[in-house]
Protein chains: 2
Amino acid sequence: MKIDKLLLSHGGGGEETYFLIKEYILKYFSNPILNQLEDSAILTDSFSELAFTIDGFTVKPIFFKGGNIGKLAVTGTINDLVVVGARPLYLTVGFIIEEGFLMEDFEKILKSIKEEAEKNKIFIVAGDTKIVPKKEIDGIFITTSGIGKIVYKGISCSNLKPGDVIIVSGSIGDHGACILAEREGIKFDIELQSDCESLLPLAEELFNSKIEIHAMRDPTRGGLAATLYEWAYSSQVNIIIEEALIPVKPQVKAFCEALGFEPYHLPCEGRMVLSVPEKFAEKVLEIFKNHPSGSSAQIIGKVLEKSSFPQVILKTLYGTERVLENTSGELFPRIC
Amino acid sequence: MKIDKLLLSHGGGGEETYFLIKEYILKYFSNPILNQLEDSAILTDSFSELAFTIDGFTVKPIFFKGGNIGKLAVTGTINDLVVVGARPLYLTVGFIIEEGFLMEDFEKILKSIKEEAEKNKIFIVAGDTKIVPKKEIDGIFITTSGIGKIVYKGISCSNLKPGDVIIVSGSIGDHGACILAEREGIKFDIELQSDCESLLPLAEELFNSKIEIHAMRDPTRGGLAATLYEWAYSSQVNIIIEEALIPVKPQVKAFCEALGFEPYHLPCEGRMVLSVPEKFAEKVLEIFKNHPSGSSAQIIGKVLEKSSFPQVILKTLYGTERVLENTSGELFPRIC
């Protein structure tokens with residue numbers, strides 16, 4: 001298989017993205033740190049253990065219920081640091097903006113970035129602004145890069161163990177459904193709202209509580225399905241999750257039914273998926289339920305046996321089992 | 001003065017950019033580290049002293065004589081680290097790419113990034129790729145973020161001292177003239193070539209040689225004029241430079257004369273400007289002249305007295321003195 005042209009699906013966070021990274025990006029850039037393919041790089045140098053990450057944001061519309069591109073750019077990078085066990089410390093922000101962009105809108109975005117950074121005690125220490133001529137970019141794109149200090153070691157997508165339970169911190173698909181509905185002008189009785197949020201408060205308590213965490217991810221592009229498949233592939237295990245246990249808001253369910261999606265493929269921007277030994281599951285739920293953002297946390301499944309052809313199984317509402325499809329194609333360009 | 005819409009000039013690296021940063025960006029993000037406004041943030045934490053920077057690249061055309069957007073993105077970030085006294089260690093790369101972009105071109109870019117990173121012994125440790133629908137971006141934009149370890153302390157744009165000499169490591173304006181000529185299809189007898197290059201080899205020798213460096217910059221957006229004005233403002237000094245001493249290649253001179261530019265406003269992407277005590281000037285020149293990329297290095301002027309209305313003076317070829325205009329407006333969108 002060879003790529004001739006980059007397609008939207010290569011940025012979709014699912015199978016094609018994985019292929020692009022494995023076959024092309026790593027062909028050139030392969031090194032032991034990058035090859036981990038975690039959400040942030042772990043830099044173990046003489047000075048300390050740091051996490052380092054970068055993420056681009058092209059979401060459309062730039063303002064949406066529950067956030068905007070600025071808030072998303074800060075929380076997205078914070079979350080990438082958090083899920084490798086780091087406390088976020090420093091942030092840099094790069095803007096690329098279309099000529100004629102309204103300053104009023106830019107200031108709203110700056111304000112959100114400021115607020116979100118302050119809330120999470122992360123310092124914005126450097127930045128860059130490029131303005132490009134009209135029509136050479138659609139509005140504003142933001143790339144944020146962050147440094148964090150590793151405070152919890154050993155979290156890795158290749159660290160899932162048979163017997164682990166899989167937990168999500170809240171309902172899935174909220175961000176994806178909200179952005180698509182707003183972009184396409186689809187209205188529901190109950191308004192869709194993005195879950196865009198920092199995972200730091202939840203993670204800090206987990207890190208402080210001596211819970212053994214094997215894997216932790218924010219299921220963004222590619223949704224829950226892509227996260228679970230990445231884990232299954234990296235850890236060479238089968239995973240089973242139960243439809244009846246997965247929290248999905250009624251309005252997200254309605255959205256999915258109306259448009260023919262499954263919520264497992266919709267990105268979240270403020271949810272955490274965990275793989276932990278079963279004996280820690282209740283403690284995790286207790287911590288989550290104490291937070292407003294973790295109030296609908298659920299154990300949704302478990303890690304099965306080791307496997308050289310890893311699969312993620314979905315136990316349906318009818319009690320049958322089927323292979324959960326990995327996310328592929330690109331249904332949702334510019335979702336984050 | 002108030003900005004209603006972002007104009008190309010706000011990204012030009014001259015006066016308007018300075019205004020945008022001072023009046024808007026710092027209004028929201030102000031903190032002691034960011035407020036330094038150096039090319040990289042200096043992080044003095046318990047663990048060590050690190051430099052951290054981010055930079056976006058939107059250059060058009062993406063392939064040009066002397067480099068391409070990939071090489072530029074690596075050297076640009078390396079240079080931002082180098083000029084604050086850091087040895088570059090880690091790099092992250094964020095791509096935002098138009099759907100349908102040729103993989104062949106993407107691979108050429110990846111290859112350049114790899115080569116330039118290897119040459120400079122900087123590790124690419126994390127990355128991100130977003131693909132956006134056709135016409136929502138023009139081709140490919142790259143944002144790179146870098147971490148370096150501070151190996152030389154005290155370099156700062158507010159550290160110029162009366163009596164310092166100003167030195168450039170090579171001819172100015174090569175990158176700007178090359179990009180503009182290629183974009184507009186202007187041909188000269190002698191081909192224009194970008195100076196796009198890492199400053200690490202030159203800087204390492206300076207750092208190792210115990211030369212006292214007061215200020216060091218790569219004059220990119222805004223060119224030599226914007227760098228000198230930033231220094232003059234930050235250090236509250238007047239600066240004089242001599243037209244006869246400033247190295248400008250004949251083909252760049254011809255380009256400037258034909259199009260009515262002055263080379264002082266054209267960006268360089270592989271040149272270093274220094275402010276050092278006079279007694280170190282000969283040593284700096286000796287080091288520079290030993291390198292192919294420093295062979296046309298020159299002392300071009302000096303730092304005059306302290307001033308609360310700092311100015312940069314140009315002594316012309318006719319021996320007269322005039323105020324050098326700071327770069328303003330945006331003659332060169334997407335130059336880097």
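The values are calculated or read from the model by the stated rules, or taken from the named source; none is laboratory data. Note that the structure is a prediction, hence the values are computed from the model and not measured. Cβ sites come from the backbone with ideal geometry, for glycine too, and all protein chains shown count toward neighbours. Only protein heavy atoms, including side chains, enter the accessible area calculation; ligands, DNA and RNA are left aside. Shrake-Rupley method; radii C 1.70, N 1.55, O 1.52, S 1.80 Å.
Side notes on the structure shown:
- Across the identical copies, how the A:LYS27 labels are spaced - nm, sorted shortest first, 7 Å along Cα→Cβ: 4.8
- Residue mean of other protein chain beta carbons inside 10 Å, B:83-92: 3
- Looking at segment A:31-150 alone, DSSP beta bridges between its own residues are antiparallel in about 75 percent of cases.
- Interchain or long-range residues, amide H under 5 Å from B:GLU330's placed H: B:SER9
- Other-chain or far-sequence residues with amide H under 5 Å of A:GLU49's (modelled H): A:ILE150
- Here the Karplus relation 6.51 cos²θ - 1.76 cosθ + 1.60, evaluated at θ = phi - 60°, turns the backbone of segment A:199-212 into coupling constants of 8, 4, x, 5, 5, 4, 5, 4, 4, 6, 9, 6, 6, 7 Hz, with x for every Gly and Pro.
- Per residue, chain B reaches -8000 deg cm²/dmol at 222 nm when only DSSP H runs of four or more residues are counted, each adding -39500 (n - 2.57).
- Under a model in which nothing but the beta-carbon of Lys, Arg (+1) and Asp, Glu (-1) is charged, the protein assembly as shown shows a dipole of about 640 debye around its Cα centre.
- Within the protein assembly as shown, the ratio Rg/Rh, alpha carbon atoms throughout and Rh by Kirkwood, equals 1.00.
- Exam field: A:LYS134 pseudo-label spacings to other copies (7 Å along Cα-Cβ), nanometres: 2.3
- Whole-angstrom gap from segment A:1-76 to segment A:143-197, using each part's C-alpha centre: 15 Å
- A Förster radius of 22 Å, combined with the Cβ-Cβ distance separating A:LYS108 from B:LYS134, puts the computed FRET efficiency at roughly 0.20.
- From phi via Karplus (6.51, -1.76, 1.60), per-residue ³J(HN,Hα) for segment B:165-175 in Hz, x at Gly/Pro: 9, 9, 10, 10, 7, x, 5, 9, x, 4, 5
- Using the Stokes-Einstein relation with a Kirkwood hydrodynamic radius computed over Cα pairs, the translational diffusion coefficient of segment B:31-150 at 20 °C and a viscosity of 1.002 mPa s comes to 144 µm²/s.
- Accessible carbon and sulfur surface of segment A:165-323 relative to its total accessible area, %, 1.4 Å: 49 percent
- Considering only B:ILE97, B:ILE241, B:ILE166, the Gaussian network model of chain B with Cα springs below 10 Å gives its largest mean-square fluctuation to B:ILE97.
- Shown here are the Rg and Dmax of the Cα trace of segment A:202-260, at 14.7, 43 Å.
- Considering only A:VAL165, A:ALA181, A:GLY154, and ranking their Cα positions along the charge dipole of chain A that arises from unit charges at the beta-carbon of Lys, Arg, Asp and Glu, the one farthest toward the positive end is A:GLY154.
- Annotation: the antiparallel percentage among DSSP beta bridges lying fully within chain B is about 75.
- Amide H partners (placed H, <5 Å) of B:THR129, local residues excluded: B:PHE95
- In sequence order, segment A:81-91 has phi-based couplings of 6, 4, 6, 9, x, 9, 8, x, 10, 10, 10 Hz under the Karplus curve 6.51 cos²θ - 1.76 cosθ + 1.60, θ = phi - 60°, and Gly or Pro positions carry x.
- Taken residue by residue and averaged, Cβ atoms of other chains lying within 10 Å of the Cβ of A:51-64 number 5.
- Distances between every pair of Cα atoms in segment B:254-336, grouped in 5 Å steps from 0 to the bin holding the largest one, split as 3, 10, 16, 20, 20, 19, 11, 3 percent.
- Chain A: relative contact order in percent, alpha carbon pairs under 8 Å with at least 6 residues between: 25 percent
- Residues of segment A:158-184 falling in the label zone of A:SER209, defined by backbone nitrogen less than 16 Å from a point 7 Å along Cα to beta-carbon, are A:165-170.
- Heavy-atom accessible area per residue - the protein assembly as shown, 1.4 Å, Å²: 38 Å²
- Relative contact order (%) - criterion: Cα under 8 Å, at least six apart; region: segment B:165-323: 43 percent
- For chain B, modelled as a GNM whose springs connect Cα atoms under 10 angstrom apart, the maximal fluctuation among B:CYS268, B:CYS256, B:CYS196 occurs at B:CYS256.
- Label-point separation, A:PHE309 to A:TYR233 (7 Å along Cα→Cβ), nm: 1.7 nm
- Loop sites by DSSP among the trypsin sites (Lys or Arg not before Pro) of chain B, restricted to those with at most 13 other Cβ atoms within 10 angstrom, leave B:211-336 as the longest stretch without any of them.
- Segment B:150-242: chymotrypsin sites (Phe, Trp or Tyr not before Pro) falling in loop per DSSP and having at most 12 other Cβ within 10 Å: none
- Here the protein assembly as shown carries DSSP beta bridges of which approximately 75% are antiparallel, counting only pairs with both residues inside.
- Dipole magnitude for chain A: computed about the Cα centre from +1 point charges on Lys and Arg Cβ and -1 point charges on Asp and Glu Cβ, it is near 340 debye.
- Inter-label distance for B:LEU26 and B:LYS279, nm, one decimal - labels placed 7 Å from Cα along Cα-to-Cβ: 3.4 nm
- Working value for chain A: equivalent-ellipsoid semi-axes of 29, 24, 21 Å, each the square root of 5 times a Cα gyration tensor eigenvalue, largest first.
- Sorted from shortest to longest, the distances between the A:PRO292 label points of this copy and the other copies are 6.2 nm, with each point 7 Å from Cα along the line through the beta carbon.
- Simple spin-label estimate for A:ALA258 and B:ARG183 gives 4.4 nm between the two label positions (7 Å along the Cα-to-Cβ direction from each Cα).
- Among the listed pairs B:LYS71/B:LYS187; A:LYS134/B:LYS5; A:LYS111/B:LYS22; A:LYS22/B:LYS65; A:LYS161/A:LYS210, those whose Cα-Cα separation exceeds 20 Å are B:LYS71/B:LYS187; A:LYS22/B:LYS65.
- Inter-chain neighbour count for A:31-37: the average number of beta-carbon atoms from partner chains within 10 Å of each residue's beta-carbon is 4.
- In this assembly, the B-A interface accounts for approximately 6700 Å² of buried accessible surface in total, computed with a 1.4 Å probe and without ligands, DNA or RNA.
- Total charge dipole magnitude, segment A:205-336, about the Cα centre, Cβ charges on Lys, Arg, Asp, Glu only, Debye to nearest 20: 160 debye
- When only alpha carbons are used to place a centre, segment B:238-300 and segment A:209-286 end up 57 Å from one another.
- Compared with its chain on its own, segment A:134-163 contains the following residues whose accessible area drops by 30 Å² or more in the full protein assembly (probe 1.4 Å; ligands, DNA and RNA excluded): A:GLU136, A:PHE141, A:THR143, A:ILE147.
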